[in-house]
Amino acid sequence: MSVNEILLDAIRHNNWATDQLVTFCAAQDLSAEQLATPGIGTFGGILATLRHIITADGGYVRRLADTQLPWVDSSDTATDFALLKVWTRELSDLWELVLAKPIDAERVIVIDDGVREVRAGIFLAQAVNHANHHREQVCAILTGLGIQPPDIQAWEYAWATGRIWDR
């Protein structure tokens with residue numbers, strides 16, 4: 001068993017939860033105003049926050065994979081749910097490739113235009129923490145709109161993927 005296997009559930013849940021939230025929001029027929037209006041203390045509106053989650057996650061995984069994801073740094077902010085779904089699939093695939101090989105958590109990665117260095121393991125921790133934080137903001141905005149957000153906890157992921165069962 002690879003040491004990375006213990007990380008698979010955390011990253012797979014992370015990817016699943018973001019994808020579930022994108023899918024749910026796309027199905028709500030929300031107006032442009034509802035998609036753009038931020039909640040109190042949130043990053044931005046629903047669409048902007050989902051884009052932020054996904055592009056940030058892309059930034060983390062591409063550094064671990066030492067590859068490019070051109071859409072991560074794109075200055076084009078035009079986004080729709082179909083595009084976000086494509087990106088979430090690309091992220092899931094790239095995370096699977098990264099976790100299929102040993103990760104040197106102590107590898108130093110240069111970031112922020114060469115002014116900082118960070119250990120590789122921090123990118124995995126930040127991916128999970130960051131996405132959870134912002135997904136909760138999207139759920140808060142939905143709740144404020146009177147919409148019950150989907151259950152995207154790890155327990156729900158476990159039920160959806162057969163990682164938990166009744167005896």
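Brief remarks on what is shown
- The calculated 222 nm mean residue ellipticity attributable to helices in the chain amounts to -20000 deg cm²/dmol, summing -39500 (n - 2.57) over DSSP H runs of n ≥ 4 and dividing by all residues.
- For the chain, hydrophobic long helices are taken as DSSP H runs at least 15 Å long by C-alpha position along their axis with mean Kyte-Doolittle hydropathy of 0.5 or more; these are 46-65, 81-99.
- Accessible carbon and sulfur surface of the chain relative to its total accessible area, %, 1.4 Å: 54
- With a cut-off of 15 Å between beta carbons, the residues surrounding Lys85 carry a summed charge of -3, where Lys and Arg count +1 and Asp and Glu -1.
- Ordering Gly45, Gly58, Val98 by the projection of their Cα atoms onto the charge dipole of segment 11-98, which places +1 on the Cβ of Lys and Arg and -1 on the Cβ of Asp and Glu, puts Val98 at the extreme positive end.
- Note: relative contact order over the chain, using C-alpha pairs below 8 Å and six or more positions apart, is 32 percent.
- Placing unit charges on each Cβ (+1 for Lys and Arg, -1 for Asp and Glu) gives the chain a dipole about its Cα centre, and among Gly121, Cys25, Asn4 the Cα reaching farthest toward its positive end belongs to Asn4.
- Where the chain is the region considered: accessible area per residue in Å², 1.4 Å probe: 58
- Taking only the alpha carbons of the chain, we obtain Rg and Dmax values of 16.4, 53 Å in that order.
- Simple Cβ-charge dipole of segment 38-163, Lys/Arg +1 and Asp/Glu -1, about Cα centre, in debye nearest 20: 160
The values are calculated or read from the model by the stated rules, or taken from the named source; none is laboratory data. Keep in mind the model is a prediction, meaning the values are calculated, not measured. Heads up, the Cβs are rebuilt from the backbone with ideal geometry, glycines too, and the neighbour counts pull from every protein chain shown. To get the accessible areas, we keep the full protein, side chains included, count just its heavy atoms, and leave off ligands, DNA and RNA. Shrake-Rupley method; radii C 1.70, N 1.55, O 1.52, S 1.80 Å.
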